[in-house]
Every structure is written in structure tokens, then in C-alpha cells.
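K.L.:
Starting off with a structure, shown below.
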Amino acid sequence: MNIIGFLCNWCSYESADGAGRASLTYPEDFKIVRVMCSGRIDPQHIAQAFALGANGVLVLGCRLGECHYKEGNRHALKRIGLLKQLLPYFGIDSRRLKCAWISANDHERLVELIQEMKKELLELEGSETGYEQEGINKAQEVVS
Amino acid sequence: MKGKIDINPITRLEGHGRIKVMVDDKGQVTRTYLQVPDFKGFEAFCRGRPAEEMPIITEKICGVCPTAHHTASSKALDQLFGVQPPLAARKLRELMYCAFVYEDHLLHFYFFGGPDLILGSSSPAPARNILGISDKLGPGFTSQMMRIRDKVRSITAIIGGSPLYPVSGLPGGLSKPITEQDRATIREVAEDAIEFAAKTIDLFHSRVLSSSDFRQLVTSSAFELRTYYMGMVDEADRVNFYDGIIKIVGPDGRELTRFHPQDYLYHLAERLEPWTYQKVLYLRNIGWKGYIDGPHSGVYRVGPLARLNVSESMPTPLAQEEFDRMHEFFAARPVHNTLAYHWARLVEVMYAAERMKELSSDPVITSEHVRNVPANGPIRTSTVGACEAPRGTLFHHYEIDERAIITTLNLVVATQNSAAAISMSVDKVAKSFFNYTNKETRDPNLLEMAFRAYDPCLACATH
Amino acid sequence: MAKPKLAFYWCSSCGGCEESVIDIGPRLIQIAEVADIVFWPAAIDTKYSDLQLFEDGSIAACFINGSIRMDEHEQMVRLLRKKARLVIAHGACAHIGGVYGLGNFYSTEDLLSYSYEHCPTLEHSSNAAFPSLSENSDTSMGLSRLLPMVSALDQVVPVDYYIPGCPPVPDWVFRAINAVLGTEPFPDNRIFAEKKALCDSCPRRENKPDKIKLTRFKRPHESQLDPETCFLAQGILCLGPVTRGGCGSRCISANMPCRGCFGPLDNVFDQGMKGLSFLATLINDLTPDNIDEIISSIPDLGGILYRYSLPTSILRGHVKARKK
């Protein structure tokens, strides 16, 4: 299984470090992509994750009102809200995309979130996205 | 020589097509197949789309007759939301519609079917096209034709937003009004359009009808089918493109029935063939008896000749004159001669131009009030919007939910109504004129002329 | 010296791109004096068998429009790529997939089924067979089959230049033909259109607000449309900000919002996803609980964001369209 985690540099990534320091483990399925802010995440990135075979995508940012860049997580919240409406058009269950807002010392909550997500994805196992290693399929570069 | 002849692709029409001619070992044609090898699936992917987007989505079925889809769709929306367009909007829609029929019919006469008539059915292929027309009739005349088409298409741009794909159709009317300046421009263009229609009709008489070859073909039994005919008529049984009641007459000219577009399912049925994506329509109450004509077969035709066959007269004087001349020539009604479609089309060109002048002379069309906004959501969940596309009757049947999202739709599109007859025309011409015993050298373009008369729009027919 | 050869071909098409060439008007006659139009099924009687006999690279440019929907289209564009020195994607279907790309939200079985099985006008008789699905080529007569998904042109063959639009604007088509004939330059980004978004040339740009915060998206028919105010300020969804300019704002001038037919801007892969980002900026997020409610006022998110560009989106279509 592949669960892509987009973690913001400030609260989320810190909490992942914190999980490490507290010797808490989370499933290997979870692959972290660090971004400066959850608001930096372009919906194209999330689409790309699913296109390349991710079973689930988890976006983690600072708690609302505590964003390091003030508004970034609000942008993420709205984009993900829209994406959850859009993904079913592609046959992707909207539960495969989640966002959560945590603080830097919420490392227990982080591990919980990942485990919950894996559990839910296992239940969705029958409804695979079926996306493989394709992404944008463009013919090779122009001849002239 | 047993085998098949493959005309691939057929050319000078809208859409993809292919004709296969099956030949037995004596060189006789046994059967022909007109295949339409394209399909898009509008009846699937329009589901889930908002109803108010349908005029601009369904018009992408065809870039030659988009205004037909846009209009049938807009009318369906009026009905779904229970709002009648104000008078100005209704007239503007019909004005735009006549402009569209005018230039679409001219496109066919000069670009598609015309080269066969003006240059000759077996004139050399490289010149048998608009460029050959320009050589024969002169670039001056050809430029004049192109300019009048451009000017008339700009009427669609004024009322609809673009010369090609109108976007202004909404439930209850149009998205924007026109100015007095626009109205004056349109009226001037309409005058020019009438003048050019007359020139085209003169050309038809002097170059096409005057040819004994053409006269022989047009009256030949090879190019004749005695079918039923269907078309929309107004309250006086005259041709109307925008609105009316659907009338069907039999091969003997007697009225079979007339019905409101909402009742189309009681009168029309479709069947499938495994070798083409085009569904074939027939009259439900007569039944499908195969690819045969006559009063016992449900095969029927639509489009210019059919419209003239179901009508008592034309609503405008110059069109009526030509209507009379045509019927004098054939000396019988209905006219069953397929090549007469070309003539009927020109009668309609004149009517469209005259109607454009009538409508653009009416100051009410500059009213600011061009839309009645629906007070609430949709008042019904099922409706049929219909009009006469240049190539035949067009039906848009929509079913929606309470949010006005399309749940199902059924499209019965123009050329499809004539699908059986078109196949039969090609078949009959092949069997009448082609014998491959001694290496037939006749130009197969004659076979293509059998379908070109109908001005088929195969993207529409398959959608 | 021989005149350069031009060709025009349509895949799954509506004929509108052909009209955009004819709409060049009398200038078409001038073009025919300096170039040979050797293949154009809509207007010229050249057959596929004639085309096969052309030498590779002997056609200066082939303008290909339409979406790649059937196997025949795929075969034809590969053939034309060989016969032509330049291949120009003509119109939205060839450029970004087009409206027929909405078919990618369905499997081909579903697409065929809604037309050939679940259709109220259809008779139900024993020998009703879906066209082409018969494996027996005697009954299907070699009828072209649907590819599993609709593609844009450059997803099948390398493309040299693009003319966006549904329909394309005749002046841009004319400029592209002139570029092939050497009388005008080719655009450096390979696209015959503006580089900036539609908003930049929109007649309503003066009153486009800097900040727009909507609590509801209005559908175009729900109220009288103000012919002067920016649609977004009226609460009506308009894709101008994420759509390339060059159309002359024809829909806006008809008092209707933009639906994105000119495709995305440079360096954007997925017009729909960019549109989604842009929609997010319009949402009033003062109370996070209301966000879902605001989003639900958009009647058809996927169909509006991907009206023209679904095949060239990153996900390309529904998972069931991808299964063969």
C-alpha cells in the first residue's frame, strides 16, 4: 500500500520528528513529502499522487489559526474540500483523501491518524483506483 | 469479379463515412453498406451535467449545424423551467435560426453537393470542389458567396455571441439584447442575402437544370424513392424552421398524422445495425419492413425536400415562386426525386433570407427585455425541445432531477431520420448504374451524389 | 517550384474546425493560389488510398482536428505524422481533448449502452446488436472500434504547433497557415493564441475585484446577468482566470461566462486542477463549517472544470475507463 503524506514543515513535520524521538512507529506504507506549508500543495500534486498509484493521500498542516504563514492552511482546507467533491468523478472514493490539522507536539495524534487511514484504506481495498504508473501520457517531444 | 469496392472516406459532407459495394462473381452489385465509423456518446456523458449548460454542450455535436442543437435545447429549457421567452427573444432566436439555415444551405450548395451539379458528376476529382467552383464561376463570384456567408454568420455572432457556436440561449430567452444599430445592420444583410439567394437560384437554373445530364438523373428512377415525409409546419401548414407541429405525409401525399414534439416516442422508433454507429429511424406505427419504400414501409425522409412535401406553401413570396416553379417541373406532389433536395434547399435559402428581412424589420427585437428569469427551480422533470435542423427534424428529450441536473437524455438528430432512405438511395444508384463485369470505369462519385443530395451530417447522426 | 502541400483532417470531430478554415473567407482562395490543398475530406475528394501514395514528409503541414476516439483516428494520425513535415493540433479537441473527452468519465461499455441499449426510441428486437462489438467482422464489416479512452493529439503523436479554441478563431487559423507558408513567424511557445489568461483582455477587467469571497455560486440562469460586471463578482463561475486568452472574449461579450475552451496557460498540465485551486480562492472561509455547503452550490464540479480538457488531465478519466 502507498499512502502519501504531505506534511507542512512547521507543525506536522515537527510532530513526525517527535514521533521518532518518542520511538513511536507508524506504518511503512506512509511516505512523507515535506512542504513548507499545506497551502503550497497544488491540487495537481494530489492528482499526481493518485495517478502514480497512491491508495490514499493525507494532508497535514498546522491547526487553523496557527499556520506559520497565517492563511496557508485555510487555502489547503478549501482545496481539499473541493477535491473531495471532484475525486469521485474519477472513480476515486473521497475517503482516500484526508486532511488534518495538528500541532508540533501532537505526535501521538499523528500516528493515530496514519493508522486510522491505513485501516480505512484496507476496508476500501476492493475499490482500487486502478491507476498505474501513467500520469500524463504525452507523446515524445516534438521532432523539429 | 467477386469482391467489394471500398469508397473510403466519402467526401464533401459533414462527418465520417464509408461505402462498401459488394459485387458477385457476375460483376453485379448485390448490396451496399454506408457505414458511419464514428461515435461520441452524448447520450451518456451529458448525464450529470446541469440542464442550463445543455445548449452549449449539445451544440458541440456539430460545428456545421450547432445553432439547431442550441435552439432545440433552449426550447427544452424554457419548458423545463416553465418560462416563455418574451416576444423579442422569440423573434431574435428565430432570426438567428434563419441566418444559420441560410448560410448552412449555401455551404452545402457551393462546397459540398454543388460541385457535382455545377462542374458535372464525373468532372476530374482534383477540381471537383470549391476551388474548382472558383475557377469555373470566377473568384469574384466565389468571393461574393463567401462574403455573404460571412455577413450572415455575423448575424449569429450578434445574437448568439459567435458566428459558429452561439452561447446566448438560456431558459426563458437570451443572455443579451441587440441594439438598434445591430438591427439595422442585420436588415441590410438580409437584403443582400435575398439578392444572393436569387443569384444562386438563377445559377441553378442556368447551369444545373439546363444540363440534360442533370435533368436525366433528377427524373431517373435510380434516383427516386417513394417514402413517407416528415417536417415541422406552422398553423397554415407552411414550412417553419423554429417552431410548429410535426406533420407526416405518405408517398401518395395524404397526411398520415401530425403530432406535438412531446409525443415523438409514439411515432418514431430506432433500430440498430452492427455495421454502422448510426441508428436507423422508422415510423413506429407503420413498422420496419426492411430497406424498402412504399406505403407499407416505415422508411421516411426529412430535410428540405420532405419539408416542402409536407407543406402546402412557403410563407414568403419569392420562396413561394420558386416552390411553384419546382412543382411545375416535377408535375406531381409529393416530389420523390432525391436530387430535387438540391432545388428544395434553394427554395429554403430564399425563404430564410426573406424571413430574416421580415424579422429584422420589426423594432420589437431591440427591446431590452429578452429574458424571463425562472422564479424558482424547474417545474417539470421531462420535456422535448424540437426544431427543424437544415437536414431534418431534431428532437432533444431531457429528463432532470429537482436540481435541474440531467438524469437521462435522448437525441433524435436530423439526418438519422433519413438514414434508411440514404442507404437505399446509394444502393439503388449502385445497382442501377454500376456493373463490374468488364472493369467498371464509371466514376464512383455518382454513388456519393446519391447521399450528398441529403446533405447528411453524420457527426449529428451518430452523436 | 512546386506549391507547398497542405492537408486538413478530422478525427472525432464536429466539423467546426473545418468551418473555422472556411470562415477565413475569400482569403482561402488566395491561399489556394500559393498552396495545394491535397487532402481535406470535408471539401476535397482525396481518398485514404490516395493519401497512402504520398511520399513521407511531402506535405508541408497537416492540420488535425478532433479527439482521438476510434482506432481509425489513431491509425490516421500516425499516417499523417509520417506524410507531413509539420503537424498542427487544430481546435480544442486536438489540443486538450475537447468536449467528447467527457466520455472519459464513462467506460466504453457504458457509452455504447446508453445509446444502443437504454434508449427510449429503441425497438427491442432479437437481432439488435451493438454496432462493432461483434467479433464477427462479416457482420460488423470492419467498423472502427472505440479506444478505451479519448485522447488529445499529442498523447498519440508528437505535435509541432497548436491552435486552441472551440471553435478556433479564423484569424488565428489564418496566421497558422501563413506561418507554414513562411509569411508570418511561428509563436515561440508553439501555441497560436495569447500567452496571458482571458482576464487580461476581458472587456470587464476594469471592475474585476481584487478580492472575491462568495458564500454561494449562482448558476447562469438564476438571475438577470449584468452585462458589465465581472461574472465572478456576480457570483457566477467563470473560468477566465485559468484559461488562455485569444478568443476575443466572445462568450463574455455575449454576456455568458467563460467555460475554458482555449485551454490552460503555459506550464499548467491540468487545467481542471488549476481551476479547482482558483475556485478555492473564491470561497468565503470565515466559517470553515460552511465550506462544504458553499462547494455544494456548484452543480457539476467535474463537468465544469473539465468541460474541454479531461483527456489531458493528470488522472485522464474514470478508473473504469482505464480498465481494458
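K.L.:
Pairs of Cα atoms under 8 Å, at least six residues apart: use those to get the relative contact order of chain C, whole percent.
P.N.:
20 percent
K.L.:
Pull out the extension gain between residue B:28 and residue B:364, defined as 0.36 nm times the separation in residues minus the alpha carbon to alpha carbon distance; nm, one decimal.
P.N.:
Taking 0.36 nm per residue and subtracting the Cα distance, the gain is 114.8 nm.
K.L.:
Moving on. Determine the share of segment A:3-143's accessible area contributed by carbon and sulfur atoms, expressed in whole percent, with a 1.4 angstrom probe.
P.N.:
47 percent
K.L.:
If you don't mind, there's one more thing I want to ask. Using the Kirkwood radius over Cα pairs, work out the Stokes-Einstein diffusion coefficient for segment B:1-151 at 25 °C and 0.890 mPa s, in µm²/s as a whole number.
P.N.:
Working: Rh = 19.1 Å.
Translational diffusion coefficient: 129 µm²/s.
K.L.:
Something else about it: If you take the alpha carbon radius of gyration of chain B and divide it by 2.2 N^0.38 Å, what ratio comes out, to two decimals? Write down the numbers at each step before the final one.
P.N.:
On the way: Rg = 21.5 Å, N = 463, 2.2 N^0.38 = 22.7 Å.
In units of the 2.2 N^0.38 Å rule of thumb, it is 0.95.
K.L.:
For segment C:258-310 and segment B:110-126, write down the distance between their C-alpha centroids in whole Å.
P.N.:
49 Å
K.L.:
Moving to a separate point now. Quick one: net charge of residue B:381's neighbours, Cβ under 9 Å, K/R +1, D/E -1?
P.N.:
-2
K.L.:
Right, another one. What average number of partner chain Cβ atoms lie no more than 10 Å from the Cβ of the residues making up B:103-109?
P.N.:
1
K.L.:
At q = 0.18, 0.19, 0.24 Å⁻¹, what is the base-10 log of I(q)/I(0) for segment B:208-292 according to the Debye formula with one equal point scatterer per Cα and no solvent? Please give it to two decimals.
P.N.:
So the normalised log intensities work out to -0.97, -1.01, -1.15.
K.L.:
Which three semi-axes in whole Å describe the equivalent ellipsoid of the protein assembly as shown, each the square root of 5 times a Cα gyration tensor eigenvalue, listed largest first? Please report the intermediate quantities before stating the final value.
P.N.:
Working: eigenvalues 489, 181, 144 Å².
The equivalent ellipsoid of the protein assembly as shown has semi-axes of 49, 30, 27 Å.
K.L.:
In nm, to one decimal, how far is the residue B:376 label point from the residue A:21 one, both placed 7 Å along Cα→Cβ?
P.N.:
Using points 7 Å along Cα→Cβ, the separation is 6.2 nm.
K.L.:
OK, next. Are there residues in segment C:245-267 whose accessible area shrinks by at least 10 Å² when all protein chains are included rather than the chain by itself, and which are they (probe 1.4 Å, ligands and nucleic acids not counted)?
P.N.:
For segment C:245-267, once contacts with the other chains are taken into account, C:250, C:251, C:253, C:254, C:255, C:256, C:259 lose 10 Å² or more.
K.L.:
Something else now. With springs only between Cα atoms under 10 Å, which of A:97, A:52, A:110 fluctuates most in a Gaussian network model of chain A?
P.N.:
Highest fluctuation among the options: A:52.
K.L.:
Return the average number of partner chain Cβ atoms within 10 angstrom of each residue Cβ along peptide C:268-277.
P.N.:
6
K.L.:
Under Stokes-Einstein, with the Kirkwood radius over Cα pairs standing in for Rh, what whole-number D in µm²/s applies to segment C:271-324 at 37 °C and 0.692 mPa s?
P.N.:
Answer from the Stokes-Einstein relation: 260 µm²/s.
K.L.:
Just tell me how shielded A:90-98 is by partners: mean number of partner chain Cβ atoms within 10 Å of each residue's Cβ, no decimals.
P.N.:
3
K.L.:
Now a separate question. How large are Rg and Dmax for chain C when only the alpha carbon atoms are used, in Å?
P.N.:
Cα only, chain C: 21.8, 72 Å (Rg, Dmax).
K.L.:
Let me know the volume per residue of the alpha-carbon convex hull for segment B:132-241, in Å³.
P.N.:
198 Å³
K.L.:
Might you tell me the accessible area per residue for segment C:25-164, computed with a 1.4 Å probe and given in Å²? Before the final figure, lay out each step's value.
P.N.:
On the way: 4510 Å² over 140 residues.
So segment C:25-164 comes to 32 Å² accessible per residue, rounded to a whole number.
K.L.:
Also, quick follow-up: Expressed as a whole number of Å, what is the distance separating the alpha-carbon centroids of segment B:198-256 and segment A:6-74?
P.N.:
70 Å
K.L.:
Computed over the Cα atoms of segment A:3-143, what is the ratio Rg over Rh, Rh following Kirkwood?
P.N.:
Over the Cα atoms of segment A:3-143, Rg/Rh equals 1.00.
K.L.:
How are the Cα pair distances of segment B:313-463 distributed, in percent, across 10 Å bins from 0?
P.N.:
9, 23, 28, 23, 12, 4, 1, 0
K.L.:
What is the sum of charges, Lys and Arg at +1 and Asp and Glu at -1, for the other residues whose Cβ falls under 11 Å from the Cβ of residue B:225?
P.N.:
Working: positive: B:226, B:301, B:428; negative: B:224, B:293, B:427.
Net of charged neighbours comes to 0.
K.L.:
On the protein heavy atoms, probe 1.4 angstrom, tell me the percent of accessible surface of segment B:163-282 carried by carbon and sulfur. Write down the numbers at each step before the final one.
P.N.:
Details: 2000 of 4310 Å².
Carbon-and-sulfur percentage of accessible area, whole number: 46.
K.L.:
Of all the C-alpha pairs in segment B:380-463, what % are more than 14 Å from each other?
P.N.:
Result for the distance tail: 70 percent.
K.L.:
Ok, one more. Would you kindly calculate the mean projected area, averaged across all directions, of the convex hull enclosing the Cα atoms of segment C:152-298, in square nanometres?
P.N.:
If I average the Cα hull's projected area over directions, I get 10.4 nm².
K.L.:
If I take all pairs of Cα atoms in segment B:214-351, what percentage of them are more than 19 Å from each other? Don't skip to the answer; put the middle values down first.
P.N.:
Working: 4849 of 9453 pairs.
Cα-Cα pairs in segment B:214-351 separated by more than 19 Å: 51 percent.
K.L.:
Further question: Kindly report the accessible area of chain A per residue (heavy atoms of protein chains, probe 1.4 Å, no ligands, DNA or RNA), in Å².
P.N.:
Per-residue value: 47 Å².
K.L.:
Using the Karplus equation 6.51 cos²θ - 1.76 cosθ + 1.60 (θ = phi - 60°), what ³J(HN,Hα) coupling, rounded to whole Hz, does each residue of segment B:123-130 give in order, writing x for Gly and Pro?
P.N.:
Taking θ as phi minus 60°, the curve returns 5, x, 3, x, 9, 7, 6, 4 Hz for segment B:123-130.
K.L.:
Cross-link candidates for residue B:289: which lysines have Cα within less than 24 Å, leaving aside residues fewer than 8 places away along the same chain?
P.N.:
Those lysines meeting the cut-off are B:20, B:247, B:279, B:428, B:431.
The values are calculated or read from the model by the stated rules, or taken from the named source; none is laboratory data. Please read all numbers here as calculations on a predicted model, not as lab measurements. All Cβ positions, even for glycine, are placed from backbone atoms using ideal geometry, and neighbour counts span all protein chains on display. Quick note on the areas: whole protein, heavy atoms, side chains included, nothing else; ligands and nucleic acids left out. Shrake-Rupley method; radii C 1.70, N 1.55, O 1.52, S 1.80 Å.
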